[in-house]
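The values are calculated or read from the model by the stated rules, or taken from the named source; none is laboratory data. Only a predicted model underlies this, so the values are computations on that prediction, with no experimental measurement involved. Heads up, the Cβs are rebuilt from the backbone with ideal geometry, glycines too, and the neighbour counts pull from every protein chain shown.
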Amino acid sequence: MNPSVSLLLRHRRPRLHRLPDRWMLPLLVVVLCVAGLGQAPQASASEPRLVTIGGAVTETVFALGAGDQVVAVDTSSTYPEAAVQRPKVGYARTLAAEGILAMRPDRVLASAHAGPDAVFTQLAAAGVAVTRLDDPRSPEQAQRMIAQVADVLGRPEAGASLNRRLQQQLDGLGPTTFPEERGIVVMGGQGGQLLVAGQSTAADAMLQLVGLPNAAAALPGYRPVGDEGLLTLRPTVVVVPDHALPALGGLDGLRHRPALAGLTPARFVVMESLLLLGMGPRLGEAVQNLAAAVATAQR
Ligand code: HEM
């Protein structure tokens with residue numbers, strides 16, 4: 001060994017030994033805390049640590065004032081900004097139990113569309129309290145979901161007040177209707193087909209709320225549709241959640257698909273995914289934005 005290095009080592013060792021024993025435990029605690037916390041909040045020891053899965057559920061927990069308890073979220077939790085800063089446990093539909101357990105949650109609150117279901121069985125078996133929330137398909141169901149989350153968190157009054165605010169926003173919206181138009185919502189694309197929202201989806205519910213007839217209403221759930229199918233649907237308005245754009249080759253890629261390019265020029269509306277599909281506390285804003293975007297979209 002280089003003599004100067006060995007000299008340095010010899011000098012360093014006694015220094016560590018000189019640290020008083022009574023400092024070692026507090027020092028260890030500080031080091032472990034700094035290493036483990038990441039961007040998780042300093043959840044109070046007396047309050048349950050929450051992992052929230054599904055953007056609308058996350059948004060609701062934060063809107064109820066319980067954001068400090070949230071130690072991790074899924075990647076569809078894109079609002080509010082404080083939620084975006086939390087550690088991530090993957091996308092709601094492709095979860096793994098290990099990543100969630102690593103966050104040491106006391107409770108996991110998850111949308112019904114989250115999965116696979118086996119993950120929640122594993123979490124429950126590991127002693128984590130699991131609450132699943134139905135995916136809202138109407139303002140009434142959105143308010144029921146908010147009330148359920150509020151009850152689980154022991155904040156029923158905050159839930160009632162959030163629901164009152166939501167109701168006021170919805171009441172303030174004038175009715176809109178686009179009887180001449182035929183809308184579709186495109187969730188993604190693969191192998192020359194587009195994933196289009198049919199009946200019983202959040203996307204379909206949103207089209208109904210703004211009075212835009214869903215050209216794909218006869219399809220059950222989300223279904224892949226090829227060029228021939230698109231020509232049958234003849235959409236005049238194509239709505240896209242923004243997370244889906246890259247897989248579609250951007251708006252230009254979508255606009256120039258043979259089936260859509262051949263139609264009477266369709267209009268395109270791109271909207272923030274969680275606002276469009278979440279049907280959570282911002283439902284009033286979502287309906288207002290979608291209606292305005294449909295009314296003003298360019299051909
Ligand atoms: C900001 C990101 C995202 C948000 C807020 C979001 C939100 C949602 C919501 C709320 C639904 C359920 C809609 C319903 O109940 O009708 C959904 C469905 C879906 N999402 Fe996402 N998502 C996001 C990202 C992604 C990504 C990155 C992918 C693809 C890798 C994806 C693929 C899908 C698919 C395929 C469905 C429909 C599945 C089915 O029921 O057949 N999402 N998304």
Checklist line | Sole residue being of a type outside the set (Lys, Arg) and touching a Gly at 6+ places or on another chain (Cβ under 8 Å), chosen from ALA110, ALA118 | finding: ALA110
Checklist line | Selected residue [at negative phi, within 15 Å of the ligand (Cβ to nearest atom), of a type in the set (A, V, I, L, M) and outside the structural domain of LEU283 (by TED's automatic domain parsing)] from ALA124, ALA112, ALA63, ALA97 | finding: ALA112
Check: Which one is nearest to the ligand (Cβ to nearest atom), of the residues in the stretch 45-57 that are farther than 17 Å from PHE120 by Cα and buried (at least 20 other Cβ atoms within 10 Å of the Cβ)?
Finding: GLY55
Note to self: Could you check the stretch 70-94 and list, in sequence order, the residues that are without any contact (Cβ under 8 Å) to a residue 12 or more places away in the chain and away from the ligand (no atom under 11 Å from the Cβ)?
What the structure shows: GLU81
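Take the stretch 274-291 and flag every residue that is part of a helix (DSSP H, G or I) and touching a Ser or Thr at 6+ places or on another chain (Cβ under 7 Å).
Within the stretch 274-291, LEU274, ALA291 meet the criteria.
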Notebook entry, point to check: Any idea which of (1) closer than 28 Å to ARG282 by Cβ; (2) outside any loop (DSSP other than H, G, I, E, B); (3) not aliphatic (A, V, I, L, M) is the one GLY211 doesn't satisfy?
Noted result: (2)
Next item on the list: Report yes if some residue within the stretch 244-256 is in the same structural domain as LEU195 (by TED's automatic domain parsing) and in a strand (DSSP E or B); otherwise report no.
Entry: no
Next item on the list: Give the stretch 84-112 a look and list any residue that's surrounded by fewer than 17 Cβ atoms within 10 Å (Cβ to Cβ) and not small (Gly, Ala, Ser), or say none.
Entry: VAL84, GLN85, PRO87, LYS88, TYR91, ARG93, THR94, GLU98, ARG104, ASP106
Notebook entry, point to check: Quick one: is GLY198 crowded, with 16+ Cβ neighbours inside 10 Å, more than 16 Å from the ligand (Cβ to nearest atom), within 22 Å of the chain's Cα centre (by Cα) and at pLDDT 95 or above?
Noted result: no
Checklist line | Among the candidates VAL294, VAL269, residue that is part of a strand (DSSP E or B) and either touching a residue at least 12 places away in the same chain (Cβ under 8 Å) or within 18 Å of ASN163 (Cβ to Cβ) (or both) | finding: VAL269
Item checked: Filter pass, MET187 being over 24 Å from GLN69 (Cα atoms), touching a residue at least 40 places away in the same chain (Cβ under 8 Å) and part of a strand (DSSP E or B) -> yes
Next item on the list: Could you tell me which numbered condition ALA247 fails, if it satisfies all but one of (1) more than 24 Å from the chain's Cα centre (by Cα); (2) in contact (Cβ under 8 Å) with a residue 40 or more places away in the chain?
Entry: (1)
